[in-house]
Each structure stands twice: as C-alpha cells, then as structure tokens.
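Shown next, in structure tokens, is the structure this report addresses.
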Amino acid sequence: MILFYCKGAEVVMKDKVKPQQRSYLLEKCESLAMEGLRTLVIGQKVMTLKEYEQWSIKYKKAQNDYERGDYLSEKVKNELEENLECLGVTGVEDRLQDDVAKTIESLRSAGLQIWMLTGDKVETATCISIST
C-alpha cells in the first residue's frame, strides 16, 4: 500500500478532494478565515503498489517527452492529485512582521494612501487589516 499526501491552499485543494467532502472543507476554511487565520488543507490517496507503479511509468514517460514533457508531466501529476480524501484543515496565525503597524501609521500620517494586496481570502485579509 502506498499513501500519497498532498497539502495546499483551499483554492487549489477544493477541486482535488472527493466531491462529497468539498462542502465540509469550504465551511471549515471560511470559519478559520473569519478568525483571521490562513488555511492549509491536507489530503491523502491510498494506492496499491500496482496503481503507483502504473502511475510512475506514465509519469516517467511524460518527463521524457522532449517537446511536451512539462505539459504532460503536469497533467500526470494532476491525475494523482484527483479524488483525495480530505484529512483536515489547519488554521495558522500569520502575524505581521515587527513594526509593520507603526510603519503603516507613519506613512498614513505623511498623507500616503495604503493599499493592501494579498493572495488571502477576503475574510482573512479583512481581519489582518483591522488588526493593524
């Protein structure tokens, strides 16, 4: 038996987990984001040795394709990451670096407008911006 583990952000992992687990995953991630936490989803796939060997052969063949190797390798990797069992969702507090709040306040006092760009969920970004 082979256990394949995969972790990633909710926006990536929501399409990789089993369809019946997606609503749970989205609900938990939204709840954690409302608390200002960054989320990380962990999934797994149980494979037989034969399934893994078949996948491995396919992956090596894709890598050896001179013209389309990158594209084919990515496609084969994505096949492995389909229909994962969602093991859990973690929420991590990602504190701002020292003096960020003070620096932002100094810039605002100087008349500068501050825009926050982030790859976080809107809920997480809102909590972080309020805390500064």
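Considering only Q54, L87, S73, and ranking their Cα positions along the charge dipole of the chain that arises from unit charges at the beta-carbon of Lys, Arg, Asp and Glu, the one farthest toward the positive end is Q54.
For the chain, with equal point scatterers placed on the C-alpha atoms only and solvent neglected, what are the log10 I(q)/I(0) values from the Debye formula at q = 0.20 1/Å, to two decimals? So the normalised log intensities work out to -1.08. Local charge for I104 was computed over the other residues whose Cβ lies under 15 Å away, with Lys and Arg +1 and Asp and Glu -1, and equals 0. Using Cβ point charges alone (K and R +1, D and E -1), the dipole size of segment 28-80 about the Cα centre works out to roughly 160 debye.
Residues whose amide H falls under 5 Å from that of I2, counting only those 5 or more places apart or on a different chain, are M47, T48, L49, with hydrogens built in the peptide plane. Under a 5 Å amide H cut-off, with hydrogens placed 1.01 Å from N, L37 pairs with nothing among residues at least 5 apart or on other chains. Measuring between their Cα centroids, segment 73-117 and segment 1-42 lie 15 Å from each other.
The HN-Hα couplings worked out from phi for segment 103-108 by the Karplus form 6.51 cos²θ - 1.76 cosθ + 1.60 (θ = phi - 60°) are 5, 4, 4, 5, 5, 5 Hz, whole numbers, x standing for Gly and Pro.
Relative contact order, whole percent, for segment 1-58 stands at 54, derived from Cα pairs under 8 Å and 6 or more residues apart. Among D15, D65, D94, the largest mean-square fluctuation in a Gaussian network model of the chain (Cα springs under 10 Å) belongs to D65. What residue among S56, S109, S31 has the largest mean-square fluctuation in a Gaussian network model of the chain, using Cα springs under 10 Å? In this elastic network of the chain, the residue with the biggest mean-square fluctuation among S56, S109, S31 is S109.
The length gained on full extension between K50 and S31, counted as 0.36 nm times the residue separation minus their Cα-Cα distance, comes to 2.9 nm. Here the relative contact order of the chain, from alpha carbon pairs under 8 Å that lie six or more residues apart, stands at 34 percent. Within the chain, antiparallel bridges make up roughly 95 percent of the DSSP beta bridges whose residues both belong there. Taken about its Cα centre, the chain carries a charge dipole of about 340 debye when Lys and Arg each add +1 at the Cβ and Asp and Glu each add -1 at the Cβ.
We did not get these values from a lab; they are worked out from the coordinates using the rules stated. As the structure is a prediction and not an experimental result, all values here were calculated from the model. Here the Cβ is made from the backbone with ideal geometry for all residues, glycine too, and neighbour counts use every protein chain on show.
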